[in-house]
Number of protein chains: 2
Amino acid sequence: MVTLAEVARHAGVSSSTVSYVISGKRTISGATRQRVEQAISELGYHPNAGARALAGKRSHIIALVVPLRTDVYVPIMMEIAISVTMAARQYGYDVLLITNDEGPEGVRRVAASGLADGVILMDVELEDERIPVLRALNTHAALIGLPEDSTGLSCVDHDFFAAGASCADHLADLGHRDVAFIGYGSAVYQRHAGYAERTLAGFRDRAATRGLRILHRPCEGTYESTAGAFSRILADRPATTGFVVQNEGAIGPLMSLLRTAGRIVPEDASVVALCPEPLAEQYSPRLTAVTGPAQELGRRAVDLLMQRIDGKEPQEVTLLTPVLTVRESSGPAPLHL
Amino acid sequence: MVTLAEVARHAGVSSSTVSYVISGKRTISGATRQRVEQAISELGYHPNAGARALAGKRSHIIALVVPLRTDVYVPIMMEIAISVTMAARQYGYDVLLITNDEGPEGVRRVAASGLADGVILMDVELEDERIPVLRALNTHAALIGLPEDSTGLSCVDHDFFAAGASCADHLADLGHRDVAFIGYGSAVYQRHAGYAERTLAGFRDRAATRGLRILHRPCEGTYESTAGAFSRILADRPATTGFVVQNEGAIGPLMSLLRTAGRIVPEDASVVALCPEPLAEQYSPRLTAVTGPAQELGRRAVDLLMQRIDGKEPQEVTLLTPVLTVRESSGPAPLHL
DNA sequence: TTGTATGCGTTATCAC
DNA sequence: GTGATAACGCATACAA
């Protein structure tokens, strides 16, 4: 293994000079810089990570805590994880993957050992049990998701309230009067997942303003569950012409069910999905959908975390505005109803 | 920050004793062990990762290199990543996430710096450019996927050949004679992705043995592409009654297309998917499918890597047998054709 | 069974 | 602009 000292000898300078050439924390004459850089590449020197962490009190690693639960659309989790990793690399940081089966202990472990300089929490719940650990250890952190009490924490999330509201707006604009909201399974609402509640709240709120009559039906995301929700909607409100879906698993079944029921989309019924773009594009007809910028979420979390590691105190809550993209699944409310 | 020395003072022993209590590399009397362990928990001691790595020449970190490409079913990638992480934890290891946008350099970086003690490569291609780096640095590694030349490397993969063969067998057993294989986009075959080629080879091979007439159609996984493949299949071989799909994105469209074409599944046509269980369960009717054990893949890769880190030389290639689960989408070939 | 002492490779302080 | 050198916190060879 090539060490700093060997590089120094090879270049005929002291090891501290080599160190400073690398870190750039000292002004170095062009000549020595040349020789040092040449020695580095000739010997194929790579600074030892452990030694650097020990001496520099900075591991240049951040931990990313990912959920095990799968009611989150997995590709989006992955997209966020990857964007976090790539953003971190731009700061010279690497990313350690922590699964939530370790629970709050995982956070404590990597923070207390100095393995990670900071932590990014994904899928943060309203009363997240990892947050007390963060606070107790005074760990640098950024949260993806919005907890109940975000005091002193940096959080990024989609603006789900706005997302829900824009669905209501869009359907109201198209003249729909009776609209159904097919959401996540009731377990999701029972554990007060912020994203589910906030979307629904935004939808309800705007629906009231716009004078929509709405129906909310939880749904497990299976075909059966969707079929159940669908038939109850038709039974309770036969005049329903607008559907908002926030459960990825329910989209396919819903489209089939509408077809089977003889309701042509978008002529007889409009569908607005709250889902990632690739999903929306995948159906036929392509879905009008509200989508939040997933990669941006990861990037911003890293930016915030890096600020904190650098001793700054960035803003507490950042909400990223989702975009409603009109595609082929929504249209004017049918007149004949 | 609590250090070993502080714990030692608190417990009234030397720091090496504390170290040995933790590592278990020395026999310690019950009494001192007690006192040390108490001191550790009282002070909330966590060994410093950097110092440990420096002194022990072992970071207790492995790197997991994940692909950026998304033609792999993403949830499975995630499942593997998570199983790798959990398996690694059992060995006291953490997992560093490396995205493939760094290319082979990423592998070099983490290996040469001693950041990671070993590397797990996901989505290995036949001529993978990361492999030369592995060989040059003599990095401990385990590959998920099968490269052209696996000499001296430890690889785990699904037995795709067997997977393809079992699809042919199943349909032949049911009396089908004309079977179509809807695969990945032609780009996947052109870059000689091992999994695609081996599945097709296994399918072809067994189909020949069983006297099936087959048709292979690449498919991009969109609705349009699937519709195109489907109509060409019906045009070229109207008597086709069996469908094998290896493209997750094509499954939904195919089911719709069959329904639209008036072919009831499984009475008029049988569908066998090569896909993860959750996907197979999600459709209506539920799909007969061949599924490889994804988590097992991750676990095994970690096991192999740990053996190598411990100086052993485990077997080169491990192929995990997939399982064909009969569900509702396959049945006897229709007699009237 | 336990203690002492050295070294791991880097960063950063102090001196020149 | 550059060079010594003292930490950094732990593991381990060597002593006792």
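Here, each number is a calculation from the coordinates, and none is a lab measurement. These figures come from a predicted structure and were not determined experimentally. Heads up, the Cβs are rebuilt from the backbone with ideal geometry, glycines too, and the neighbour counts pull from every protein chain shown.
For peptide B:87-96, compute the average count of partner chain beta-carbon atoms within 10 Å of each residue's beta-carbon.
Other-chain Cβ atoms within 10 Å of each residue's Cβ, averaged: 3.
Once you place label points 7 Å from the Cα toward the Cβ at A:Val326 and B:Ser150, how far apart are they in nm?
If labels sit at A:Val326 and B:Ser150, their model points lie 5.4 nm apart.
Enumerate the amide H contacts of B:Gly185 below 5 Å, restricted to partners 5 or more residues apart or on another chain; note that Pro and chain-start residues carry no placed amide H.
B:Cys219
Once the Cβ-Cβ distance between A:Tyr189 and B:Leu68 is put in as r, and R0 is 30 Å, what FRET efficiency do you end up with, to the nearest 0.05?
Plugging the Cβ-Cβ distance into 1/(1 + (r/R0)^6) gives 0.30.
In square nanometres and to one decimal, what's the mean projected area of the convex hull around the Cα atoms of the protein assembly as shown?
Orientation-averaged projected area of the Cα hull: 34.6 nm².
Report, as an integer, the average count of C-beta atoms from other chains found within 10 Å of each Cβ along A:248-261.
On the way: counts 0, 2, 0, 0, 6, 3, 0, 2, 6, 0, 0, 3, 1, 0.
Shielding by partners across A:248-261 averages 2.
Could you work out which residue, out of A:Gly252, A:Gly228, A:Gly145, moves most in a Gaussian network model of chain A, that is, has the largest mean-square fluctuation with Cα springs under 10 Å?
A:Gly228
Using a label point 7 angstrom from Cα along Cα-to-C-beta, what distances in nm, from shortest up, separate B:Pro132 from the other copies?
Nearest first, the other copies' label points are 5.5 nm away.
To the nearest 20 Debye, how big is the dipole of segment A:168-288 about its Cα centre, given +1 on the beta carbon of each Lys and Arg and -1 on that of each Asp and Glu?
Approximately 320 debye in magnitude.
I'd like the mean, over residues of A:75-83, of how many other protein chain beta carbons sit within 10 Å of each residue's own Cβ.
Mean partner-chain Cβ count within 10 Å for A:75-83: 4.
So if I place +1 on the C-beta of Lys and Arg and -1 on the C-beta of Asp and Glu, and nothing else carries charge, what would the dipole magnitude of the protein assembly as shown be about its Cα centre? I want it in debye, nearest 20.
That gives a dipole near 1220 debye.
Could you work out [θ]222 nm for the protein assembly as shown from helices alone, using -39500 (n - 2.57) per DSSP H run of at least four and dividing by all its residues? Round to the nearest 500 deg cm²/dmol.
-14500 deg cm²/dmol
With springs only between Cα atoms under 10 Å apart, run a GNM on chain B and tell me which of B:His216, B:His158, B:His176 wobbles the most.
B:His216
List residues of segment A:306-337, by number, whose backbone nitrogen lies under 11 Å from a label position 7 Å along Cα→C-beta of A:Glu296.
A:319-324
Out of A:His170, A:Ser59, A:Gly44, whose Cα points farthest toward the positive end of the dipole of segment A:33-189 (charges: +1 Lys, Arg; -1 Asp, Glu; placed on Cβ)?
The residue sitting farthest along the positive end of the dipole is A:Gly44.
Which ³J(HN,Hα) values, rounded to whole Hz and listed in residue order, are derived for segment A:118-123 from phi using the Karplus coefficients 6.51, -1.76 and 1.60 in 6.51 cos²θ - 1.76 cosθ + 1.60 with θ = phi - 60°, glycine and proline given as x?
The phi angles translate into x, 9, 10, 9, 9, 6 Hz.
Given H placed on each backbone N at 1.01 Å, which residues far from A:His60 in sequence or on other chains put an amide H within less than 5 Å of it?
Residues meeting the criterion, in which the H sits 1.01 Å from N, are A:Asp117.
To one decimal in nm, how far is B:Arg286 from the same spot in the other copies, if labels go 7 Å from Cα toward Cβ? Please give the shortest first.
From this label point to the equivalent ones elsewhere in the assembly: 3.5 nm.
Could the peptides A:46-54, B:231-239 be put in order, highest first, of the mean number of other beta-carbon atoms found within 10 Å of their residues?
Final packing ranking: A:46-54, B:231-239.
Mind checking which lysines have their C-alpha under 27 Å from B:Lys312, skipping anything on the same chain fewer than 8 residues away?
B:Lys25, B:Lys57
How far, in degrees from 0 to 90, does helix B:74-90 lean away from the longest principal axis of the Cα atoms of chain B, to the nearest 10?
30 degrees
For segment A:148-161, just list the computed ³J(HN,Hα) in residue order, Karplus coefficients 6.51, -1.76 and 1.60, θ = phi - 60°, integers in Hz, with x standing in for Gly and Pro.
4, 10, 9, 4, x, 10, 9, 10, 10, 7, 5, 8, 5, 4
What residues have an amide H closer than 5 Å to that of A:Arg177, excluding those fewer than 5 places away on the same chain, when H is modeled at 1.01 Å from N in the peptide plane?
Correct list: A:Thr241.
For A:Leu126 and A:Ala208, what is the calculated FRET efficiency with R₀ set at 22 Å and r taken between the beta-carbons, to the nearest 0.05? Let's see the in-between values first.
Numbers: r = 24 Å, r/R0 = 1.07.
The calculated FRET efficiency here is 0.40.
R0 = 45 Å: FRET efficiency of A:Lys57 with A:Arg232, Cβ-based, nearest 0.05?
Values: r = 60 Å, r/R0 = 1.32.
Efficiency for this residue pair is about 0.15.
Report, in whole Å, the centroid distance computed from the Cα atoms of segment B:229-286 and segment A:8-71.
With segment B:229-286 and segment A:8-71 each reduced to a Cα centre, they are spaced 55 Å.
Taking chain A as a Gaussian network, Cα atoms linked when under 10 Å apart, which of A:Ala87, A:Ala294, A:Ala112 shows the biggest mean-square fluctuation?
Its mean-square fluctuation being the largest, the pick is A:Ala112.
Note the distances from B:Ala31 to each other copy's matching label point, with points 7 Å along the Cα-to-beta-carbon direction, in nm, sorted shortest first.
Label point to label point, same position, other copies: 6.7 nm.
In what sequence, highest mean first, do A:1-12, A:100-111 appear when ranked by Cβ atoms within 10 angstrom?
A:100-111, A:1-12
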